[in-house]
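Read the structure below first, then the notes.
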Amino acid sequence: MSEYVLELKGITKIFPGVKALDHVQFQLKPGEVHALMGENGAGKSTFIKVITGVHKAEEGEMFLNGQKVDFKGPKDAQAAGIAAVYQHPTSYPDLTVAENIFMGHEIVKNRMIQWKNMNAEANKLLKKLNDEYAALLDREKRSREFRAATGEDIESVRPAYHYDETQQRLAEMEQTIRSLKHAINLFNVTHQVDGFDMTIDEMLIYIPQLTKRKEKLREMRARLPKERIEEQYGRQSNIIDYTHTNYDLAEVEADYAKTADELTRAQLALDAVNQRETFEFGK
């Protein structure tokens with residue numbers, strides 16, 4: 001058995017007037033994560049599309065778990081367990097959420113698309129995403145501050161919390177939520193907002209997300225790094241606790257300013273569209 005899950009040897013892809021890939025070598029072991037980096041036009045997307053069966057290489061070989069493969073198209077790659085999730089997924093406003101989610105891998109039985117099952121699965125995915133987002137916000141709220149009694153080892157009671165990683169994950173989930181909701185919104189989906197890679201309906205979701213993010217950061221920046229809490233337990237015993245912040249206040253301040261600026265920019269951009277465009281409602 002090969003030590004590589006995926007291996008590419010001498011992959012060459014030529015388009016009219018340009019050689020996008022020139023004898024590329026690539027090896028992926030189980031459990032590894034790789035990042036492709038390069039300038040625009042370096043061939044990153046072409047390389048991914050060769051792996052996923054979108055493009056066919058003029059030269060070279062590809063091996064999956066030691067077995068040579070020759071994908072005729074994306075469906076062959078998907079059947080083998082290879083697929084790409086793009087940064088800006090395409091959604092089609094005339095299709096339902098279920099149709100957008102299952103495009104290319106519809107649930108089929110007896111050569112008939114199972115619409116009921118697809119809709120049920122789509123609803124499950126949407127609910128799961130919303131639940132995961134709410135759960136992450138709840139975990140963050142409970143982890144960004146903690147209490148410790150006088151004399152108690154602070155590090156022993158400090159909850160695990162990584163501010164940067166949490167904000168990045170929340171932003172990614174918010175983008176996915178915008179994309180899914182965009183798929184079912186049939187109003188203004190073709191109108192792009194200047195300065196943003198979003199349509200109007202996505203902006204109408206983005207602005208409330210920014211507003212909530214700004215309010216959360218406003219609350220976090222208002223806290224002191226250490227605040228005294230004095231509570232009385234019974235008649236004789238007073239125990240003094242302290243609430244500690246579990247994040248860098250300077251980092252929160254910077255994010256608050258950035259979010260406030262982004263919110264203002266988004267609101268002005270949307271106002272400009274509303275003043276410039278004339279929209280017709282359904283007849």
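The values are calculated or read from the model by the stated rules, or taken from the named source; none is laboratory data. Please read all numbers here as calculations on a predicted model, not as lab measurements. Neighbour counts run over all protein chains shown; Cβ positions are idealised from the backbone, glycine included.
Could you list, in sequence order, the residues of the stretch 1-35 that are of a type in the set (S, T, Y) and either touching a residue at least 60 places away in the same chain (Cβ under 8 Å) or more than 20 Å from V54 (Cα to Cα) (or both)? Walk me through how you get there before you give the answer.
Within the stretch 1-35, the subset of a type in the set (S, T, Y) is 2, 4, 12.
Answer for the stretch 1-35, where residues must be of a type in the set (S, T, Y) and either touching a residue at least 60 places away in the same chain (Cβ under 8 Å) or more than 20 Å from V54 (Cα to Cα) (or both): S2, Y4.
Is at least one residue of the stretch 137-146 hydrophobic (A, V, I, L, M, F, W, C) and crowded, with 16+ Cβ neighbours inside 10 Å?
Yes.
Residue-wise test of (1) at pLDDT 90 or above; (2) within 22 Å of V85 (Cβ to Cβ).
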{"residue": "G10", "(1), (2)": "yes, no"}
{"residue": "F15", "(1), (2)": "no, no"}
{"residue": "K19", "(1), (2)": "no, no"}
{"residue": "F26", "(1), (2)": "yes, yes"}
{"residue": "S45", "(1), (2)": "no, yes"}
{"residue": "K72", "(1), (2)": "no, yes"}
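Could you count how many residues in the stretch 157-180 are in a helix (DSSP H, G or I) and either at pLDDT below 70 or aromatic (F, W, Y) (or both)?
2
Restrict the check to the stretch 118-133 and report whether at least one residue is closer than 28 Å to T211 by Cβ, outside any helix (DSSP H, G or I) and either touching a residue at least 24 places away in the same chain (Cβ under 8 Å) or not assigned by TED's automatic domain parsing to the domain that holds V252 (or both).
no
Determine which member of the set D138, D197 is out of contact with any Phe, Trp or Tyr (no Cβ under 8 Å at 6 or more places or on another chain), under 27 Å from V85 (Cβ atoms) and modelled with pLDDT of 90 or more.
After ruling out the rest, the residue left standing is D138.
Those residues that are within 20 Å of S2 (Cβ to Cβ) and of a type in the set (V, I, T), I need them from the stretch 53-87; list them, please.
Across the stretch 53-87, the qualifying residues are V69, I82.
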